[in-house]
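Below: one structure, written as structure tokens.
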Amino acid sequence: MNFLQLFRINISYIIFYTIDFFIILFILQKYLFKKINTVLEDREKKIKESLDNSKFIEEKKEEIEKEYREKMVETQKESERIINEARQSAENIRLEILENSKQESDRIIREAEEETQKFHDQMYIALKKELVELTISGISKSLEELLDEKDKERIIEKSIKFIKNER
């Protein structure tokens, strides 16, 4: 027995199926595979473009993040500078207020001392005047009894001159 007969293989079917296979392969190659290849190439291009875009976007994102960090550092430095300026300004204002209050208190103390001195002088003058009047009164009573009219006038004139000189 023949091997082909044993398995019931018909050679004409094999040739027919092989030719049929190659015809279908040719048709698929001619019409379908080109379209599939075109679609696959387009898809590959889109995927490649998407990957390139994602790389570009990632680079842009990193660049923007870097700029953001730099701006944050600048903003932090600027805010620290502003805070330091505000502190310095507040300290200057505080020192100015202290200086003004010290000057004002010195002025008030000086005015109080001047008023006290004026009051003291007025009291001294009033006391002196009172003392002079009492002295004159006492002397005049004593002198009226001892002195005559001319001596009285001379003493009064001397006293008046003395009082005028004292003032």
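What do you reckon, is LYS118 modelled with pLDDT under 95, closer than 30 Å to LYS164 by Cα, in contact with a helix residue (DSSP H, G or I) (Cβ under 8 Å, 6 or more places away or on another chain) and surrounded by 10 or more Cβ atoms within 10 Å (Cβ to Cβ)? No. When you look at LYS118, is it in contact with a Leu (Cβ under 9 Å, 6 or more places away or on another chain) and basic (Lys, Arg), yes or no? No, not satisfied.
Taking the conditions exactly as written (under 30 Å from ILE156 (Cβ atoms) and either touching a Ser or Thr at 6+ places or on another chain (Cβ under 7 Å) or in a helix (DSSP H, G or I) (or both)), does ALA112 satisfy them or not? When the stated conditions are applied, ALA112 does not pass them. Among residues of region 31-60 that are assigned to a helix (DSSP H, G or I) and at pLDDT 95 or above, none has a Cβ under 9 angstrom from a residue that is loosely packed, with under 10 Cβ neighbours inside 10 Å and of a type in the set (A, V, I, L, M, F, W, C) at a sequence gap of 6+ or on a separate chain.
When the test is whether a residue is surrounded by 10 or more Cβ atoms within 10 Å (Cβ to Cβ), more than 54 Å from the chain's Cα centre (by Cα) and of a type outside the set (Ser, Thr, Tyr), ASP52 does not pass it.
The values are calculated or read from the model by the stated rules, or taken from the named source; none is laboratory data. All figures in this text were calculated on a predicted structure; none of them were measured in a lab. Methodologically, a virtual Cβ is constructed for each residue, glycine included, from the backbone with ideal geometry; neighbour enumeration extends over all protein chains shown.
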